[in-house]
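Novice: To start, I am sharing the structure in question, which I have written as structure tokens.
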Amino acid sequence: MEFKFNVTGSDRKRLVASITEITECQAKYQGAPSFAYAVDYITIDKNGTVSFDDRVDSDKIEMLIEALLEKGFELEAQMEDETEDAGDSLILSYPRKDISDTALENLRLLVASKESLIKKALGTDALPIDVTDEVISFPWFVGLPQPEEINAYAHFTGKLIDMAKTQKRVTSKEKNIDNEKYAFRCFLLRLGFIGDEYKAARKILLRNLSGSGAFRSGNPKVKKLVERIEADTCLYDDVMSLQDTEVTENE
């Protein structure tokens, strides 16, 4: 997985110094021809792209990226011109080598199972997943979002990939939804959007959906449980049951 910070010169040195501080690991300069720095399992190339090898788990990656954002570094996203008149659009890409064929199929099924909700949440008409020998790309976003939106979307696509890698069985069948915001909020919690650190991202991803994010059909017990889940990662297993089971007034 890689993240583009688009820094060079002294700014890249500051990025490397921040990564060594956060990870408490020494930086090693690789010299020509890459001119990259290596910090344990992390590589910072000459253009400020930070990449991770297969040894690191997603939690450590997210902790590092969030710490860098807090230090004032701005995460860039890959962009390309769709047509001459279309202007720039956001495309999030991930290394193909990190995603197996099975995980890729799981990813397609996972997206299909939430297609209507994801389309509305992101304000897009289509959810193609483009695959080359080098990268897997999500050209889902219209125009150039704000930095906080890019951060939320990068977390979302990254966590979709993480779930696709770990799920043993994925169905593409969409369920009938009577409360969009509640259903998608529970899905975000399943993906790992738990705790105050994801509060802003959840808000961005839920803002286009209708209904109440607090509870499915007026039950305050569900509202309290979801609020507790969002504040405490230890309660993740409890919220999993909310995906398919509604708490009744007598429970």
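Novice: Being under 22 Å from the mean Cα position of the chain (by Cα) and under 12 Å from residue 64 (Cβ atoms) is the filter here; which residues of the stretch 21-49 pass it?
Specialist: Correct list: 22, 23, 41, 42, 44.
Novice: I'd like the residue in the stretch 2-26 that is buried (at least 17 other Cβ atoms within 10 Å of the Cβ) and more than 17 Å from residue 63 (Cα to Cα) and, out of all such residues, is modelled with the lowest pLDDT.
Specialist: For the stretch 2-26, the residue satisfying everything is 7.
Novice: Determine which member of the set 124, 157 is touching a Leu at 6+ places or on another chain (Cβ under 6 Å) and hydroxyl-bearing (Ser, Thr, Tyr).
Specialist: 157
Novice: Inspect all residues belonging to the stretch 139-156 and state whether any of them is buried (at least 17 other Cβ atoms within 10 Å of the Cβ) and within 19 Å of residue 53 (Cα to Cα).
Specialist: Scanning the stretch 139-156, I find at least one residue that is buried (at least 17 other Cβ atoms within 10 Å of the Cβ) and within 19 Å of residue 53 (Cα to Cα), so the answer is yes.
Novice: Further question: Of the residues 40, 85, 54, 81, which single one is modelled with pLDDT under 80, over 26 Å from residue 144 (Cβ atoms) and either surrounded by 14 or more Cβ atoms within 10 Å (Cβ to Cβ) or acidic (Asp, Glu) (or both)?
Specialist: 54
The values are calculated or read from the model by the stated rules, or taken from the named source; none is laboratory data. The structure presented is a predicted model; accordingly, all values stated were derived computationally and were not measured. Note that we place each Cβ from the backbone using ideal geometry, even for glycine, and neighbour counts take in every protein chain shown.
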